[in-house]
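Reviewing the structure listed below.
The values are calculated or read from the model by the stated rules, or taken from the named source; none is laboratory data. Keep in mind that what you see is a predicted model, and the values were worked out from it rather than measured. In this analysis, Cβ positions are derived from the backbone assuming ideal geometry, glycine residues included, and neighbour counts consider all displayed protein chains. Accessible surface areas use protein heavy atoms only, side chains included; no ligands, DNA or RNA. Shrake-Rupley method; radii C 1.70, N 1.55, O 1.52, S 1.80 Å.
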Amino acid sequence: MIRVGLIGYGKAGQAVAEVLRHDPRFELCWIARRSTRSDEETVPGTAIPVISLDKAVHKDWLDVRSVDALVDFSKPEAIHIYGEELRRRRLILVSAISTYTDKELDYARTLGQDTRVMCSPNITLGINFLIMAAKLLRNIAPFADVEILEQHFREKSEVSGTARKIAETLEIDGERITSLRLGGIVGHHEVIFGFPYQTVRLVHESIKREAFGTGAAFALSQLSNLDNGFYTFDDLLMRQVREQIISL
């Protein structure tokens, strides 16, 4: 069983917590966020403590509430708060931060020298499979027109990090991304390939935020069997694809 500390307890973090605490492969030991209402806060209906991030990365806390892995659904700057303690204890890191700067990503890569680190702007299995399929079709038909459509809830102001990653992977300009903000949409990504006599649409729809939890669980289970290093979700997914092809 992998003991997990979860960082970030917003809407996505709460959904991830529900998935991890009901998965028999994991023990959700504690949850950390930037601030808490009291020192005695717990996940409703459980004894799982919800604490401040500063307390979670303190040596005394980790000595008593030791974990094997951290799952981060918080803010980009959090990696600098827990990074060195993660390195020292060689904890696995699954990071689902969509807006890391190049400097922060470089720091995450240095952590991979001492432990296993995976960073992905979108951690759902479906979207990463979509990206892999889109890259394959792009290589087969580089002449096709490509557009990306992303839709999210009304309050999301920035362009989707996942859409930017798709554009980067397909080597197309960010101006080919169309963003729509409507109601409470969790997440919709569509890659449209325009051929002379046909159109191909690859679509992924996030129905509930629990999809992030199943993605985090997949990443944790894969990283637990790998050597130290910096990985992307693509690396983990391709590893599974190769194994499936070899077994045919």
Residues R154, R164: which one is of a type in the set (K, R), under 23 Å from I123 (Cβ atoms) and buried (at least 16 other Cβ atoms within 10 Å of the Cβ)?
R164
Within region 153-190, can you find the residues that are of a type in the set (A, V, I, L, M, F, W, C), within 16 Å of T232 (Cβ to Cβ) and under 17 Å from the mean Cα position of the chain (by Cα)?
I166
Let me confirm something: among I92, I97, I81, I51, which residue is of a type in the set (V, I, T) and at pLDDT 95 or above?
I92
Please enumerate the residues belonging to region 128-154 that are in contact with a Lys or Arg (Cβ under 8 Å, 6 or more places away or on another chain) and not in a helix (DSSP H, G or I).
A144, V146, E147, I148, Q151, H152, F153, R154
Region 83-121: number of residues that are open to solvent by 10 Å² or more (accessible area, probe 1.4 Å), assigned to a helix (DSSP H, G or I) and either in contact with a Gly (Cβ under 6 Å, 6 or more places away or on another chain) or closer than 19 Å to A69 by Cβ (or both):
8
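Residue-by-condition table, conditions (1) free of Cβ contacts under 8 Å to residues at least 40 places away in the same chain; (2) closer than 27 Å to R25 by Cβ:
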site: E158; (1), (2): no, no
site: R164; (1), (2): no, no
site: L170; (1), (2): yes, no
site: H189; (1), (2): no, no
site: I207; (1), (2): yes, yes
site: G215; (1), (2): no, yes
site: L220; (1), (2): no, yes
site: L223; (1), (2): no, yes
site: N228; (1), (2): no, yes
Hits in region 198-225 - residues which are over 17 Å from the mean Cα position of the chain (by Cα) and either under 23 Å from I166 (Cα atoms) or at pLDDT 95 or above (or both)
Q198, T199, V200, R201, L202, V203
In region 122-151, the residues that are among the charged types (D, E, K, R) and open to solvent by less than 10 Å² (accessible area, probe 1.4 Å)
E150
Could you check how many residues of region 181-207 are outside any strand (DSSP E or B) and of a type in the set (A, V, I, L, M)?
4
Suppose we filter region 219-248 for residues that are open to solvent by 30 Å² or more (accessible area, probe 1.4 Å) and not in a loop (DSSP other than H, G, I, E, B); how many remain?
14
So which residues in region 167-180 are open to solvent by 60 Å² or more (accessible area, probe 1.4 Å) and either in a strand (DSSP E or B) or farther than 19 Å from Y100 by Cα (or both), if there are any at all?
E171, D173, E175, R176, T178, L180
Please tell me if L149 is among the hydrophobic types (A, V, I, L, M, F, W, C), under 24 Å from T232 (Cβ atoms), touching a residue at least 60 places away in the same chain (Cβ under 8 Å) and in contact with a strand residue (DSSP E or B) (Cβ under 9 Å, 6 or more places away or on another chain).
no
In region 38-80, what residues are without any contact (Cβ under 8 Å) to a residue 40 or more places away in the chain, open to solvent by 40 Å² or more (accessible area, probe 1.4 Å), farther than 21 Å from N228 by Cα and touching a helix residue (DSSP H, G or I) at 6+ places or on another chain (Cβ under 9 Å)?
D39, D54, K55, H58, K59, E77
